[in-house]
1. At 7 Å along Cα-to-Cβ for each site, give me the label-to-label distance between residue B:39 and residue B:62 in nm.
2. So if I take the alpha carbon set of chain B, get Rg, then get Rh from the Kirkwood formula, what is the Rg over Rh ratio?
3. Beyond 14 Å, what percent of the Cα pairs of segment B:252-296 remain?
4. log₁₀ I(q)/I(0) of segment B:159-238 at q = 0.19, 0.22, 0.23 Å⁻¹, via Debye over equal Cα point scatterers, no solvent, to two decimals?
5. Could you state the per residue volume, in Å³, of the convex hull enclosing the Cα atoms of segment A:273-322?
6. Show log10 I(q)/I(0) for segment B:4-115 at q = 0.18, 0.19, 0.20 Å⁻¹, two decimals, from a solvent-free Debye sum over equal Cα scatterers.
7. Less than 16 Å from a label point 7 Å out along the Cα-to-Cβ axis of residue B:239: which backbone N atoms in segment B:264-285 qualify, by residue?
8. Roughly how many whole Å is it from the C-alpha centroid of segment B:114-143 to that of segment A:112-126?
């Protein structure tokens, strides 16, 4: 099955390579406004550099992978859906909640096939957690703790266009919370600060946050975010249930330990999201291939909207120092 | 070495624990035990080879320089005041009071005689947490940005205890309020609390909650998250993580033994301790050593009435926050 990759940046390269190595997929086109970037990636994966119009008018292209800049996600998705293509779009669907909602009709059409890439749902560790929560072995879920700390802050130019910590970073955790809680949060409170880098504060953003979500039935979820751990990618989830707890720990670069007079020392944590979630990105592509073969997408437009709505409410909570209701 | 004659007030669960540690401590001599329930006092006294003596006689006995108060929480303040007035040094189980205003009003009397009043917050004497605090204070991970405290009990308390507990925040989270301020070394300026009854509806019927998540903001801007549950189902879950500019420091759970089993289904470790008495056994012994240091004049109490009041005010603020569904600002004191 032929697919096209839109966007030849960091994440586009990952998706293109995963599509190229998937036995059921062939990358036919790579699209990027920077011609040289499109050419280079196209050569690497045996594809042709083209324009989005070329892709959409080629009836042999079944799927479009959108990994372009965030501000193009919504428009490109709509155009690809209208052209009858199945779409795999990187998160987020958009940074503007109202703008994204206004496009709902395109995504809700019976013929639309749209998969939003919230990669963490495809991480084998978190997927296992979800499966065992769903099995009911630990009884009813009561509270959920999500620790999501980046190794180091992004470039300040990125911070300025990111949409802010809640819409850029915590949005992953909001999606995980919805998915694992199995209920929609109805209230959010976020306390945030700029503690890591004053330049982030000067750009109008925060770099550290604690967020509490509450669902209708009273389940509570805490999310901890930091733009800089100083020790790698800290990605942990603990689910506290009636009969015990399930937890996913961090992944180190290797299992080596050294034991010496000063104590024991294990290897550092993986330091980059592309390493930590390499498996998840491959699983996403396998899921997209299944979708092209007729399977329903596991994450869709409505999930993107709901996570975005929580992010908007969290940002408001922080700005107004109040607990905010989330309308569903 | 001076051996200090001390008396125990309250022969219940905490009293027995402290009494056993006092008997085992060569610097202390437990000479009297008092309890409203005379049979309880006599039984404990007989077991430990000491005497059951009414509280009034203990107060009047000039040979007894210090009292260890482990009576019911509602009598802590009154017993402490009476002991201080009688010139005794005081070791009082936390909390000193369940109400901030009577405690605030009693501060001048508690401090008037110059006798030391030590309010025992056990976490401060846990060797693991002490090491974390010391290494943070030495600057090992730089400036603190976040502190996470997980404090989950193995099983819900006796329902008869719930109405007189003071509620989750004053009874249970009070430990975490003290630990958080101690580790970070700064006061809190804001608290937000979400609470729920998710474990046992009988707790809600008694007007309390069994599950809570709190966010506190320190004066420096550092954020603190506290998680409480009255029932884990897997033992006493007691963890602390401090995230600083130069990395993190964390204290994990201890296990009853170090034996691990590797099998087809994976690797399994021994359970966590099921009671605070086991988990904090070292801390309770260290508390008494500290008290002996205080009696020897080698130390001033690590925590006193003002610390108890500070933690209590945080608990009150958390209660208000939960009821109002909004963060509550604290006076920076």
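1. The answer from the label model is 3.8 nm.
2. Working: Rg = 20.2 Å, Rh = 20.8 Å.
Using Cα coordinates only, the ratio equals 0.97.
3. 63 percent
4. Values returned for q = 0.19, 0.22, 0.23 Å⁻¹ are -0.84, -1.03, -1.09.
5. Each residue corresponds to 90 Å³ of Cα convex hull volume.
6. With no solvent term, the Cα-only Debye profile gives -0.83, -0.91, -1.00.
7. The answer is B:269-273.
8. After rounding, the separation between the Cα centres reads 44 Å.
FYI, it's all coordinate maths here, none of it is from the lab. Note that the coordinates shown come from a computational prediction; the quantities given were computed from them, not determined experimentally. A quick note on method: Cβ atoms are made from the backbone with ideal geometry, for glycine too, and the neighbour counts reach across all protein chains shown.
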